[in-house]
Amino acid sequence: MGGLGGALTQATQQPSYPGNLSEGAGLTNRFVIAAAAVVVGLAASACRSNTTEQAATTETPAASSTESHEGHQVAKVYFKEPKDGATVSSKSTLKFVFAADNYQISPVPADAKEARPNMGHFHLGVNTDCLPPGTTIPKAEEGDKPGTAGKWVHFGKGTDTFEMALNPGDYKFAVEVGDDLHRAVEGMCETINVKVE
């Protein structure tokens, strides 16, 4: 037998005497220590590269806009249609489609005396910004047409779609969720800009 196998067999056959090590026993100890160091080094290297590969494949991705820092889903509201920056024709009605993630959209109960938690309905503001949380979302004055500049359209029946005819111009729209008492819900508003030609 040649190579390492022969050296290992030969070295392990040498007797060792306490207090007076023979040369063969010294070689055996050095060889065993060296072999152990190589095995430990290879194992550590393999573990390290495996750990690195695992970390690369199992790292938690950056929190999306719908996840909070604790991994809980964050509620949000947004326009599905139209998209921010859209240019549309004044010859047809503009279709709005609203959506909410991680928040229940529901009709307002007829006898609502207090707001139900994590439930609300959509409001569309025309040429206005989001309202501060807790602010009562204004209702249109009697006789006003829905979509009048600066006014809010309420969707108290829980609907999420609306069409509106608009004159040419630049518009800013806000979709805001209000609770059962029509108060703006924190973090539940988005604005977009649309050009009507």
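The values are calculated or read from the model by the stated rules, or taken from the named source; none is laboratory data. Please read all numbers here as calculations on a predicted model, not as lab measurements. Please note: Cβ atoms are built from the backbone with ideal geometry, for glycine as well, and neighbour counts cover all protein chains shown.
Scoring residue 95 on the criteria (1) assigned to a strand (DSSP E or B); (2) buried (at least 17 other Cβ atoms within 10 Å of the Cβ); (3) not acidic (Asp, Glu) leaves a single failure, condition (2). Restricting to the range 74-91, name every residue that is free of Cβ contacts under 8 Å to residues at least 60 places away in the same chain and part of a loop (DSSP other than H, G, I, E, B). If the condition is that a residue be free of Cβ contacts under 8 Å to residues at least 60 places away in the same chain and part of a loop (DSSP other than H, G, I, E, B), then 91 is the only one that fits.
Filtering 57, 51 for residues that are assigned to a helix (DSSP H, G or I), at pLDDT below 90, within 30 Å of the chain's Cα centre (by Cα) and surrounded by 10 or more Cβ atoms within 10 Å (Cβ to Cβ) leaves a single hit, 51.
Scanning the range 115-129 for residues that are surrounded by fewer than 17 Cβ atoms within 10 Å (Cβ to Cβ) and touching a residue at least 40 places away in the same chain (Cβ under 8 Å) returns 115, 116, 118, 127, 129.
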